[in-house]
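In what follows, a structure is listed as structure tokens, so that the remarks can point back to it.
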Amino acid sequence: MFTGLGGGLYATTLPLVSSDLDHVESIFRSYDVDGNGYLDMNELMKLMSQLGHSGNSDRTQRLVNKITTTVDKRLSFLEFYHAYSGTQLL
């Protein structure tokens, strides 16, 4: 288990290395402009644009639909971590 944003605990079977988790959390926080613990569509479009990808809303929505486990059109830290690390949520 690890403590995610907002102090929530997440169960995981991944062998998380603290420095890796800190790095991914730092990236997440830098794009979570409003500090609500989620990356919304605008924040994700900015991230994609800065990575050199088209930051349009259609492409971003398709990405979110592939990653998120909910219909709220935003990514939690755990969803972002799994997408960033190439692992899948169980």
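Here are a few things to note about the model shown:
- Cβ pairs under 7 Å, 6+ apart, first in segment 60-73 and free of Cβ contacts under 8 Å to residues at least 24 places away in the same chain, second of a type in the set (Gly, Ala, Ser) and in a helix (DSSP H, G or I): 67/83
- Filtered residues of segment 1-50 (kept if assigned to a loop (DSSP other than H, G, I, E, B) and modelled with pLDDT under 80): 1, 4, 8, 11, 12, 13, 14, 15, 16, 17
- When segment 60-89 is limited to residues that are over 18 Å from residue 31 (Cα atoms) and modelled with pLDDT under 80, the one that is surrounded by the fewest Cβ atoms within 10 Å (Cβ to Cβ) turns out to be 86.
The values are calculated or read from the model by the stated rules, or taken from the named source; none is laboratory data. Computed from a prediction, not measured in an experiment: that's the story for all the values here. A quick note on method: Cβ atoms are made from the backbone with ideal geometry, for glycine too, and the neighbour counts reach across all protein chains shown.
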